[in-house]
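The structure under discussion appears below in the form of structure tokens.
The values are calculated or read from the model by the stated rules, or taken from the named source; none is laboratory data. In this text, all values refer to a predicted model and were calculated from it rather than measured experimentally. Methodologically, a virtual Cβ is constructed for each residue, glycine included, from the backbone with ideal geometry; neighbour enumeration extends over all protein chains shown.
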């Protein structure tokens, strides 16, 4: 069972073994949402299915969402129904990837954990590494799968809401890590949300900091050292991750798992919910 990262060689071995496996291409482009599916059609890992951030991994239906922000999480039951529809079973090893520095695929990794599915891993190095290793690729639409028997179990990750973040803002019982780029964190620019800045007291660790120059996750030792330097005396178990809309925070969640410092919490509403909630403080620095 792979529960955090999986290498290209390990995925190739899984494919050859015939073990229950589902691979999802989560490629996306915030500025041009149709790009993800177009790139999937052009080239994807053989046997993969497309998981779209807007269509499958978020909902804007107020009756179905569990939080606010730009990419609200759908209720667990909604996600479970979709997973069944694409053939995921309770014993399926799920592998997720993208073309975006393992940013968007982390969303599905986290959501499966939230639904209680432990056997889900991010392909380290993503599609670029797969192609470089000679992995099989194809084009066109994915094949239709038979209905799976995926069922919800107890969540394996922690989700927090705005009320909880506010409650612990000044009591020393949470340490917020903001995964957005430094200029957005400092409030110098804000291309997506109506207010620039960050949650008071939040630390900044851009999600791509977790990768090395070759596009793979850094080693567990290196990640552990970097998070220790960021956190100082703060406890890892008190960490709450956020970003702009609850997506690019997940690489930090995953990195802390790889470093042996997890599990940690996700504030899925993130800055886009925080800055649109009347009366909440916003800080610039």
Selection status of residue 248, crowded, with 16+ Cβ neighbours inside 10 Å and either part of a loop (DSSP other than H, G, I, E, B) or within 17 Å of the chain's Cα centre (by Cα) (or both) = yes
remark   = Picked from segment 188-210 (must be in contact with a strand residue (DSSP E or B) (Cβ under 7 Å, 6 or more places away or on another chain) and surrounded by fewer than 18 Cβ atoms within 10 Å (Cβ to Cβ)), the residue nearest to residue 232 (Cα to Cα) is 203
query = Quick check, is residue 213 surrounded by 15 or more Cβ atoms within 10 Å (Cβ to Cβ), at negative phi, within 21 Å of the chain's Cα centre (by Cα) and not assigned by TED's automatic domain parsing to the domain that holds residue 74?
reply = no
query = Any residue in segment 15-24 that is in a loop (DSSP other than H, G, I, E, B), under 19 Å from the mean Cα position of the chain (by Cα) and touching a residue at least 60 places away in the same chain (Cβ under 8 Å)?
reply = no
key: Enumeration of residues in segment 186-221 that are free of Cβ contacts under 8 Å to residues at least 40 places away in the same chain and not in a loop (DSSP other than H, G, I, E, B)   = 203, 204, 209, 221
inquiry  = farther than 25 Å from residue 59 by Cα and at pLDDT below 95: is that true of residue 187 in this structure?
reply    = no
query = Of 54, 29, which residue is surrounded by 12 or more Cβ atoms within 10 Å (Cβ to Cβ), out of contact with any strand residue (DSSP E or B) (no Cβ under 6 Å at 6 or more places or on another chain) and farther than 20 Å from residue 130 by Cβ?
reply = 54
